[in-house]
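Student: Quick one: the structure is below, questions incoming.
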Amino acid sequence: MAEKVTFVPLSYTGWGALGQLTAEVARFDGKHILLVTDPFLVELGLADQVTGPLERAGCKISLYTEVVPEPPLAVGEKLVAFAKNGSFDLVIGLGGGSALDLAKLAAVLAANAGTVADYLNLSGTRAIEEKGLPKILIPTTSGTGSEVTNISVLSLETTKDVIAHDWLLADVAIVDPALTLSLPPKITAATGIDALTHAVEAYISVNANPVTDAMALQAIRLISGSIRTAVQDGNDRDARSAMSYGSFIAGIAFFNAGVAGVHALAYPLGGQFHISHGESNAVLLPYVMDYIRPSCEERMKDIYEALGFSTEDLSAGSASTRCIDELHRLVKDVGIETTLQGFGIPESALERLADAGAEQKRILARSPMPLARDDIYSIYKSAFAGR
């Protein structure tokens, strides 16, 4: 059976990759550019690294900075309305996953009728009909993989939802580790574990294939071998480079193979308690993997080896158990809370979290173990208690 593997049409990776931006904008004949970015990146001067060369090349740039973490639907609606009224011919997204996801929405939905809500996966009634504007995505974190995926995530009242279409894919992705040097330790940790979760879930996904397997395992090697250093010393070029490459290829792996239970349960944490996506994945990763372990012991043995440990004399069962222990240790080592209690979530919230998690059927369908509502509640209960 043929396997479909989709990539962004063009990507630049490595130190100095941002230097390719002006030529790529010229290739699209970009004259009036919408730059969607985080206000923090403007303060840091990172936005100037984008706007400066482009303005010198004669481009007009409209800066849009109303970007917030875990953006609510209303933020997406406001940006798309702005894009529709702007006469832009190119969109650039600069920042973490929130900025990149919003830039995708602006580029595509600016050319489509209706509202952003009309296109949501869980409740939308419209299909995207127009490709929209060309877009160049430039991540400043090593985590979300948004620069290589076709989804945009938005926060709702009780959970999160996505808009998914191949026209949301970047036309060009530029992944330059130099842009991550100013990333604070807490965000380095959260986005890094997010990327690790992408790789782990892609590898155990029912939709995994040999191409995504190779990428997922290499991403696990790169991220697990560098994240502790990147958190402790953000100026370590080798660690930042490994994190950038690891996040990039983890993004390609999960875009093609899909994520599963960890993400399905993480969405309600972000929606109801506004915990960052990376931290939501991090706190749940060991507990979800422990629960589904009987369904994927051999694959978890591979993951344990990719985390840097010998499995020569270990059974799949023993290696998979040790893999869970290492995932717990890794989350703790990078300074992320390891229980739901640690994030201030009350036990009384577990029922409604389970209800919302069970609604994420699109994601849950990729789990190697079917997860019903009662299973989801059990996982939240374990994550609450820390055992």
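Student: Quote the accessible area belonging to VAL50 in square angstrom, nearest 10, computed with a 1.4 Å probe and with ligands, DNA and RNA left uncounted.
Tutor: 0
Student: Quickly estimate the mean residue ellipticity at 222 nm for the chain, helices only: each DSSP H run with n ≥ 4 gives -39500 (n - 2.57), and the total goes over all residues, rounded to 500.
Tutor: Mean residue ellipticity, 222 nm, calculated: -15500 deg cm²/dmol.
Student: Given a 1.4 Å probe and every protein chain left where it sits, what share in percent of the accessible area of the chain is carbon and sulfur?
Tutor: Carbon and sulfur atoms account for 50 percent of the accessible area of the chain.
Student: Now, a different point. Based on the mean of other Cβ atoms within 10 Å per residue, sort peptides 313-319, 247-253, 258-264 so the most packed one is first.
Tutor: 247-253, 258-264, 313-319
Student: Sticking with this structure for a sec: Which order do peptides 353-359, 101-107, 145-151 fall in by mean Cβ count within 10 Å, highest first?
Tutor: Most protected by this proxy first, the peptides run 101-107, 145-151, 353-359.
Student: Still on this structure, please answer the following. Using 0.36 nm times the number of residues separating ASP374 and LYS78, minus their current alpha carbon distance, what extension gain do you get?
Tutor: Length gained, ASP374 through LYS78: 102.8 nm.
Student: Based on the mean of other Cβ atoms within 10 Å per residue, sort peptides 182-193, 9-20, 62-73 so the most packed one is first.
Tutor: 182-193, 62-73, 9-20
Student: Let me ask something else about it. In whole Å, what three semi-axes, largest first, describe the equivalent ellipsoid of the chain built from its Cα gyration tensor (square root of 5 times each eigenvalue)?
Tutor: Ellipsoid half-lengths, sorted descending, are 33, 23, 19 Å.
Student: R0 = 30 Å: FRET efficiency of GLU66 with SER318, Cβ-based, nearest 0.05?
Tutor: Given R0 = 30 Å and the Cβ-Cβ separation, E is 0.05.
Student: Ignoring ligands, DNA and RNA, how do ARG56, ARG366, ARG240 rank by accessible area with a 1.4 Å probe, largest first?
Tutor: ARG56, ARG366, ARG240
Student: For the residue pair TRP15 and VAL42, what label-to-label distance in nm results when each label sits 7 Å from Cα along the Cα-to-beta-carbon direction?
Tutor: 3.1
Student: Please work out the Cα center distance from the stretch 218-266 to the stretch 31-66, rounded to the nearest Å.
Tutor: Comparing the Cα centres of the stretch 218-266 and the stretch 31-66, I get a distance of 27 Å.
Student: I've got another one for you. When a/c is below 1.5 the answer is rounded, else prolate if a/b is larger than b/c, else oblate, so apply that to the stretch 238-307 with a ≥ b ≥ c taken from the square roots of the Cα gyration tensor eigenvalues.
Tutor: Details: a/c = 1.79, a/b = 1.08, b/c = 1.65.
Because a/c hits 1.5 or more and a/b fails to exceed b/c, the stretch 238-307 counts as oblate.
Student: To the nearest Å, what is the center-to-center distance of the stretch 178-211 and the stretch 301-377, using C-alpha atoms only?
Tutor: Result: 15 Å between the Cα centres.
Student: Excluding ligands, DNA and RNA, what is the solvent-accessible area per residue of the chain at a probe of 1.4 Å, expressed in Å²?
Tutor: Here the per-residue accessible area is 38 Å².
The values are calculated or read from the model by the stated rules, or taken from the named source; none is laboratory data. Please read these numbers as outputs of a predicted model, since none were measured by experiment. Positions of Cβ are generated from backbone atoms using ideal geometry, with glycine treated the same way; all protein chains shown enter the neighbour counts. When the accessible area is computed, the model is the full protein with side chains, heavy atoms only, and any ligands, DNA or RNA have been set aside. Shrake-Rupley method; radii C 1.70, N 1.55, O 1.52, S 1.80 Å.
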